[in-house]
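Novice: Quick one: the structure is below, and I'll ask about it shortly.
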Amino acid sequence: MANPDAVDWDAIIRDPRFQSLHRRKGTFLWGLMALTVAYYFLLPVGAAYFQDLFKIQVWGVVNVGLLFALSEFVVAWVLALVYSRKASRDFDRMAAEIAAEYGGAPKPNVVLPIGKEVLV
Amino acid sequence: MIAESGVGENYRWVTFAVFAAVIAVTMVVTYVAAKRVRSAADFYTAGGGVSALQNGWAIAGDYLSAASFLGIAGLISLYGYDGFMYSVGFLAAYITVLLVIAEPCRNIGRYTLADILAYRNDPKKTRIVGALSTITVSTFYLTAQMVGGGVLVKTLIGINYETSVIGVGILMLAYVLFGGMVATTWVQIIKAVLLVAASIVIVMLVWAPYGFSLPAFLADIVSDPKVQARVATLLGDPAKNMSAAELGQRFLEPGLYFKAPIDQISLGMALVFGTAGLPHILMRFFTVRTAVAARRSVVWAMVIIGGFYVLTLFLGFGAAHLVGPANIASVDAGGNMAAPLLAQYIGGGTDSFFGNLMLAFVSAVAFATIVAVVAGLVLASASAMAHDLFVGVIRDGKVTTPEGQVRAARVATLIIGALSIAIGIAAKGQNVAVLVGLAFAVAASANFPCVLLTVYWKRCNTGGIVTGMLIGTIAAVGLTLVSPNLTYPKAVKAAAHKVLDAEPAKRAAVSEALTSPDPAVAAKATKDLAALDKAVAKANADLVKWADQETSFMGLEKPLFELKNPGVISIPLGFLGVLLGSLLFRDRRAEQMWNEVYARQNIGLLVSKSVAG
């Protein structure tokens, strides 16, 4: 394990910048999570209890149920993109600022050829 | 019936050539990788040197098991819409992984799931429960893969079951033993690329004739008499009043496979929360350097996995239309041969070179899939055994030389590998489909609540982790053992008697139809007669097989619990276990460590140091 004595964790938690990161990230993450779970479970619930709606044909033989299932893919991709943009624009920068002050920034994401010796 | 063993005798050399090529490539990769494995970090996590894109492909390679590639295409070809609902669940699961699991786990853990649990809790106790749960989940999954793989290789190239299982086992052992996570990662990447490429080629060939129009493609599916006949068989009596067009359209509507709505929701819960608790998937996040790379690798994985699952729609419906549900089910009742048979058909059919080349290629991909997934599972189990149980608990963290740790990891790999071959052979002919569901159920009910709450809940502690793991696992396994998934001899025998009682009347009706002057009626009667003979033979075989047994494996005459998937009950119970356990047993250390855990999981401080150990 790393040597935790080198870092004052309590000070990080008290730092207003960490508090702000915690608040913004928390709201955003759990909000997206709730949205994801709600949208996903509309599919099994719809397939079970709203079959008449799912059977309506809207595009040739393609029905609402099939389009809804396909929309689940699009929604999953969009949510992933939204989160990952938000994280790399805001959260990563805020985290790096705090980390730089309290114990050295986390190493940048160095991409090594697979299997390259990285032990020190 | 289509050829019993897939590839005809004349073309078997094509299959062997393609298999040999795939195996040769992976062996070269393993040879190169083996030279680079010097420390435990290399063996378990490829030294953290995997890039986000590489890891995205490797996650896809780890996750797209034979069950999802062959099983889902098969389910869609036999049951239409409901099969595709599985595909949706498998992708949606990754949002959970992306949002709340991947980054904290990267920042807190090192090699294993138990590392995450041990960070702020009593290391020995949580390592023991974490490692046991890892081994339990991986063994369920592994057994299903080994048995499924043995059957598949036997069907595809005609070598016997035991040889197939041993072959899969030895090949997998070669990758993991010599190349550790480096070789495993590359085998998974190669396999994922081959799988996606093969699927794209097949889908292009299937879809191109319709000018890549979805309604035109599906219109052909619903107007196919083979599909309409399948729906009529599935629906039974209610189908009698439906027109051919209505029957065909029914294939695109829900309800042909899932009968109980709650069961379907329960399965959805196990998929969406279980993926985030699968130890071999969690382990992949330790192979990248930072939380940012972990996040990017999940996004890549979602693109690849989601793209693949959209293709299953075309693989499944294409197989239903071109090969026909009845032909698919006659080779394998579960539909697992749908994708290989479709490949053979579009290549030119059973007697053509290209047809058999396509079949051989898809078979080799399926084989590589099984080996790659099994390798990931064995590595996860072996790391739990060596890193958590041996080094962490038995030796109290005192195996410090890199050689000693790698040796422990290799010995554990050999033990788990040998066990998996033995279990695979012992479980021959058993119904193992339930085991994949069980692996997801335990992961969702035990691992997921523990991992989630230890990184997000201040009051979570050792007592909570131990209670949650135990209650979640016992609930998921216990409810499955008393569920309709098991065979209940009394019910099987009652059904067999019913078939035999109805036989004379049916036989009389069919015999009369056979003499009908209308050739269509007579042809149908011939088919009905064959089906009747088959049903009677099966009923008689069932009566013999279960003659001395009245109760299930658990000693029950009928299921105590009506759902096939326990998730809807066992997942809340797992969470409740962590909550109550944490509140009942206080643990000052876990609370004092909270600030460190929470700060670290958010900002990833010193993560690179912690990787290097």
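Novice: How do B:M469, B:M204 line up, fewest other C-beta atoms within 10 Å first? It would help to have the intermediate numbers written out before the result.
Specialist: Values: B:M469 28, B:M204 13.
Starting with the residue having the fewest Cβ neighbours, the order is B:M204, B:M469.
Novice: Taking Cα centroids, how far is region B:321-360 from region B:91-117 in Å?
Specialist: Between the Cα centre of region B:321-360 and that of region B:91-117, the gap is 39 Å.
Novice: Under 1.5 on a/c is rounded, so check that first for region B:403-448, then, if it is not, pick prolate when a/b is larger than b/c and oblate when it is not; a ≥ b ≥ c are the square roots of the alpha carbon gyration tensor eigenvalues. Don't skip to the answer; put the middle values down first.
Specialist: On the way: a/c = 6.17, a/b = 1.38, b/c = 4.46.
Oblate, since a/c reaches 1.5 and b/c is not below a/b.
Novice: Give the average, rounded to an integer, of partner chain Cβ atoms located within 10 angstrom of each Cβ in A:76-87. Walk me through the numbers on the way to the answer.
Specialist: Values: counts 10, 7, 0, 5, 13, 3, 0, 6, 7, 0, 0, 7.
For peptide A:76-87, the averaged partner shielding equals 5.
Novice: Could I ask something else about it? First select every other residue whose beta carbon is under 15 angstrom from the beta carbon of B:R395; then total the charges, Lys and Arg +1, Asp and Glu -1.
Specialist: +1
Novice: Please give the average number of partner chain Cβ atoms lying within 10 Å of the Cβ of each residue in A:95-103, rounded to a whole number.
Specialist: On the way: counts 9, 3, 1, 4, 8, 2, 0, 4, 5.
Across the residues of A:95-103, the mean count of other-chain Cβ atoms within 10 Å is 4.
Novice: Shifting gears a bit: Can you pick out the pairs among B:K240/B:K558; B:K154/B:K226; B:K259/B:K558; B:K226/B:K428; B:K498/B:K545; B:K490/B:K538 whose Cα atoms lie more than 24 Å from each other?
Specialist: B:K240/B:K558; B:K154/B:K226; B:K226/B:K428
Novice: Between region B:499-528 and region B:543-606, what is the separation of their alpha carbon centroids in Å?
Specialist: 53
Novice: Quick one: check the C-alpha center-to-center distance for region A:41-64 versus region B:470-498, whole angstrom.
Specialist: Rounded to whole Å, the Cα centres lie 32 Å apart.
Novice: Hey, another quick one. Based on the Kirkwood radius over alpha-carbon pairs, what is the Stokes-Einstein translational diffusion coefficient of the protein assembly as shown at 4 °C with 1.567 mPa s viscosity, in µm²/s? Numbers along the way, then the final one.
Specialist: On the way: Rh = 26.8 Å.
Result for D is 48 µm²/s.
Novice: Sticking with this structure for a sec: Leaving out same-chain residues fewer than 8 places away, which lysines sit with a Cα under 20 Å from that of B:K398?
Specialist: Within reach: B:K124, B:K125, B:K609.
Novice: Oh, and also: Kindly state, as a whole number, the per residue volume in cubic angstrom of the convex hull around the alpha carbon atoms of region B:129-222.
Specialist: On the way: hull volume 16.6 nm³, N = 94.
That works out to 176 Å³ per residue.
Novice: So what is the 222 nm mean residue ellipticity for chain B from helices alone, if each DSSP H run of at least 4 adds -39500 (n - 2.57) and you divide by all residues, rounding to the nearest 500 deg cm²/dmol? Intermediate results must be reported in sequence, preceding the final value.
Specialist: Numbers: 28 runs with 441 residues, N = 613.
Computed ellipticity for chain B at 222 nm equals -24000 deg cm²/dmol.
Novice: Another question, if that's okay. Quick one: longest stretch of chain B between exposed loop trypsin sites (Lys or Arg not before Pro), exposed meaning at most 11 other C-beta atoms within 10 Å and loop per DSSP?
Specialist: B:36-258
Novice: Would you mind checking which residues have amide H under 5 Å from B:A427's amide H? H placed 1.01 Å from N; only 5 or more apart, or other chain.
Specialist: Correct list: empty.
Novice: Let me ask another. Ratio of chain B's C-alpha Rg to 2.2 N^0.38 Å, to two decimals?
Specialist: Values: Rg = 25.3 Å, N = 613, 2.2 N^0.38 = 25.2 Å.
Dividing the Cα Rg of chain B by 2.2 N^0.38 Å gives 1.00.
Novice: Using the count of nearby Cβ atoms within 10 Å as a rough guide to exposure, how do B:S511, B:S138, B:S65 rank from fewest to most? Don't skip to the end; give the middle numbers.
Specialist: On the way: B:S511 11, B:S138 26, B:S65 23.
Neighbour counts put them in this order, fewest first: B:S511, B:S65, B:S138.
Novice: Counting Lys and Arg as +1 and Asp and Glu as -1, what is the net charge of the other residues whose Cβ lies under 13 Å from the Cβ of B:L500? Could the numbers behind the result be given before it?
Specialist: On the way: positive: B:K493, B:K498, B:K506, B:R507, B:K538; negative: B:D501, B:E503, B:D533, B:D542.
For residues surrounding B:L500, the net value is +1.
Novice: In whole Å, what are the Cα extents of region A:1-71 along the three principal axes, biggest one first?
Specialist: 65, 27, 21
Novice: Would you order B:I221, B:I394, A:I13, B:I108 from fewest to most other beta-carbon atoms within 10 Å of each residue's own beta-carbon? Don't jump to the answer; show the numbers that get you there.
Specialist: Values: B:I221 21, B:I394 12, A:I13 16, B:I108 25.
Fewest to most other Cβ atoms nearby, the residues stand as B:I394, A:I13, B:I221, B:I108.
Novice: Something else now. If you add up the charges near B:V168, with Lys and Arg at +1 and Asp and Glu at -1, over every other residue whose beta carbon is less than 14 angstrom from its beta carbon, what do you get? Let's see the in-between values first.
Specialist: Numbers: positive: B:K154, B:K191, B:K428; negative: B:E162.
Neighbourhood net charge equals +2.
FYI, it's all coordinate maths here, none of it is from the lab. This structure is a prediction, so every number in the text was calculated from the model and none was measured. Note: ideal-geometry Cβ built from the backbone for every residue, glycine included; neighbour counts use all protein chains shown.
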